[in-house]
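The values are calculated or read from the model by the stated rules, or taken from the named source; none is laboratory data. Since this is a predicted model, take the numbers as computed values, not measurements. Cβ coordinates were reconstructed from backbone atoms using ideal geometry, including for glycine residues, and neighbour counts include every protein chain displayed. These accessible areas exclude ligands, DNA and RNA; they are computed on the full protein's heavy atoms, side chains included. Shrake-Rupley method; radii C 1.70, N 1.55, O 1.52, S 1.80 Å.
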Amino acid sequence: MSQIIRSDKSSTVSVADYAGLRAYNGNKKVAYVTGYLGTAAPQGIVGHFQRDDTDKASADNGGTIIVAANGVRWKRAASGPVIPQYWGAKGDGSDDYIPLNAMYATGLPWSLPYTPTGYGHSATLTISANGTCDGGFLVPTAAIGGAENDIDKFAVIIASAGYAVKRRIVGLKVQGSVPLRTALVKGIRVDCPNAHLINCDTPQFDYGIVVRTYSVKLTNCNAWQCNTNLSAYAPSLTSEINALTIDGGNYDSPVLYSANIGDLRWSDALPAGTQHGVVINLVNGANFDGGEIKIDNVSTVNIEGIYNETSATDTLIRLGGSGDGNCRNVRIRGNYLKTAKYSVRCDSGVEQLSVRRNFLSNVSVNALFLTTELYPPDYVPGVSVGCFTIGQEVRLAFGSIPLANVRFDGFTLEHENLRNGIQDCMGTPAKWYPGGSVRNANNRTINISSSAGAFYTAPAINKAGTVAGNVFTFTTPADARAFNGGDRIVTVPAGATYVRSVDYEAGTMLIDGGATANGAATVSQSQVQTQAAA
């Protein structure tokens with residue numbers, strides 16, 4: 001594309017349309033087409049052309065080159081955003097891949113003007129410049145579909161161009177459908193560092209938006225009703241998803257995940273055990289209604305002021321799982337979490353979790369469910385209204401650390417407004433933890449043991465089950481709810497001294513040391529050890 005020639009008004013001619021430019025036979029060097037006035041496509045063609053007296057052979061293509069009656073070639077100058085009609089796009093829903101690809105290949109700022117049916121395309125479009133959709137939208141076909149982890153089968157790829165590039169895409173709508181989702185067509189893949197997508201839409205694809213690089217911000221974007229609405233992962237150590245910000249927008253109604261940060265399912269993803277990124281922000285009212293947010297393999301995660309409701313997996317926010325400690329420095333506060341079994345569930349490998357005040361509604365089992373075995377979390381339930389509310393349990397299980405290293409006194413649990421290690425209640429609670437205390441009227445009861453785990457005023461006795469190695473399976477799965485990681489226990493047959501972890505859903509627990517023989521067994525909790533203090 002040639003550049004505009006700077007000249008005074010005497011060197012410029014203004015014409016109404018292509019016909020006027022073709023008919024012009026004067027000596028002006030620059031022409032300005034004020035508008036395409038015909039009724040046939042393409043419509044809305046405007047902009048600058050410049051005269052090229054050295055070209056004697058190029059054909060008239062009605063978009064970038066105009067051949068005048070006197071044989072002069074007029075070539076489009078880069079005076080503003082290019083549009084696909086320059087290359088002959090129809091915008092009637094038929095396959096416009098060739099003109100669209102030609103437009104994006106220029107590397108010039110672009111725009112998609114409105115058409116009622118959109119711009120169809122049968123292959124992946126690679127965008128390598130800033131652009132804005134002026135009411136127009138892309139309509140990919142099922143021919144772009146592929147396998148679940150096929151990284152090439154995307155409707156649109158925002159191309160990589162080096163760290164200094166700051167790609168800005170506004171209003172890009174890639175129109176999906178249930179058949180496209182079934183064909184595993186994927187929406188937008190962001191490969192360009194420093195990319196900023198604003199008000200972009202990708203409904204009903206296999207994956208909606210996939211981020212594969214650093215310094216990406218998605219502002220008020222909408223990836224909804226996809227198998228996975230939002231996925232982010234690192235394909236290499238030089239393309240980690242550092243500084244990823246999901247600012248507002250709608251990522252609801254998924255088949256699998258609302259969001260999967262640190263997603264290992266991609267064929268080119270770094271393996272578990274490798275950090276995929278740092279500083280991940282889900283903020284400012286981002287809506288994840290209908291599905292689970294899964295976060296692993298990243299650190300310094302801020303989840304603040306989002307909405308999440310009604311997960312298909314019974315869990316709203318799931319952290320960790322790889323077991324490698326690569327999910328750390330997680331802060332969760334000021335969120336609205338509603339209608340699920342678990343609001344926040346930590347699987348193995350989560351470190352340094354901080355949960356502050358959140359609004360919880362209709363969470364049936366746990367506000368916070370922890371099976372992590374590394375660092376104790378920092379959890380403050382807040383007041384009885386409008387946060388992690390009274391009546392929601394918090395459960396802990398420790399997989400393999402020595403019991404002497406378990407510190408509960410730095411951990412805030414909830415039992416009728418528990419705070420700062422003190423349980424204020426009207427009656428003696430069923431259980432509490434080493435370093436914790438219970439206030440009842442003017443008396444304070446302190447659990448003085450540093451390593452004995454949970455203590456009970458009325459311990460569970462002779463719960464039936466079977467032992468296989470160090471796994472105890474309860475005959476009645478609900479009996480598992482009486483036990484917690486760190487509990488001192490006695491068993492028949494003997495051999496175990498404490499509980500390492502409990503799976504409350506499966507009705508099993510991992511016990512220290514194992515039993516002397518496999519088969520039928522019972523398990524009981526040790527007696528309480530307390531002292532009273534005024």
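Only one of the numbered conditions (1) open to solvent by 50 Å² or more (accessible area, probe 1.4 Å); (2) in contact with a Cys (Cβ under 8 Å, 6 or more places away or on another chain) is violated by residue 97, and that is (2).
Scanning region 304-339 for residues that are more than 17 Å from the chain's Cα centre (by Cα), over 18 Å from residue 273 (Cβ atoms) and not in a strand (DSSP E or B) turns up 314, 334. Residue count for region 133-152 satisfying the condition of being open to solvent by 50 Å² or more (accessible area, probe 1.4 Å) and modelled with pLDDT under 95: 5.
Residues in region 160-207 that are in contact with a Lys or Arg (Cβ under 7 Å, 6 or more places away or on another chain) and of a type in the set (Ser, Thr, Tyr): 207 alone.
One residue stands out among those in region 333-347 that are over 10 Å from residue 361 (Cβ atoms) and of a type in the set (Lys, Arg): the one that is most open to solvent (accessible area, probe 1.4 Å), which is 333.
The residues listed here are 41, 69, 57, 77; of these, the one that is at pLDDT below 85 and surrounded by fewer than 16 Cβ atoms within 10 Å (Cβ to Cβ) is 41.
If you filter region 26-37 down to residues that are open to solvent by less than 30 Å² (accessible area, probe 1.4 Å) and in a loop (DSSP other than H, G, I, E, B), you find that the one that is modelled with the lowest pLDDT is 35. Number of residues in region 214-237 that are under 22 Å from residue 264 (Cβ atoms), crowded, with 24+ Cβ neighbours inside 10 Å and out of contact with any helix residue (DSSP H, G or I) (no Cβ under 8 Å at 6 or more places or on another chain): the value is 10. Look at (1) open to solvent by 10 Å² or more (accessible area, probe 1.4 Å); (2) assigned to a strand (DSSP E or B); (3) farther than 23 Å from residue 227 by Cα and you find that residue 357 fails only one, number (2).
When the residues of region 509-532 are filtered to those that are of a type in the set (A, V, I, L, M), at pLDDT below 70 and open to solvent by 30 Å² or more (accessible area, probe 1.4 Å), the one that is nearest to residue 468 (Cα to Cα) is 528. Which residue is modelled with the lowest pLDDT, if the candidates are limited to region 153-164 and must be closer than 15 Å to residue 104 by Cα and open to solvent by 50 Å² or more (accessible area, probe 1.4 Å)? This residue is 161. Taken over region 278-297, the criterion of being open to solvent by less than 10 Å² (accessible area, probe 1.4 Å) and either on the phi > 0 side of the Ramachandran plot or without any contact (Cβ under 8 Å) to a residue 12 or more places away in the chain (or both) is satisfied by 297 alone.
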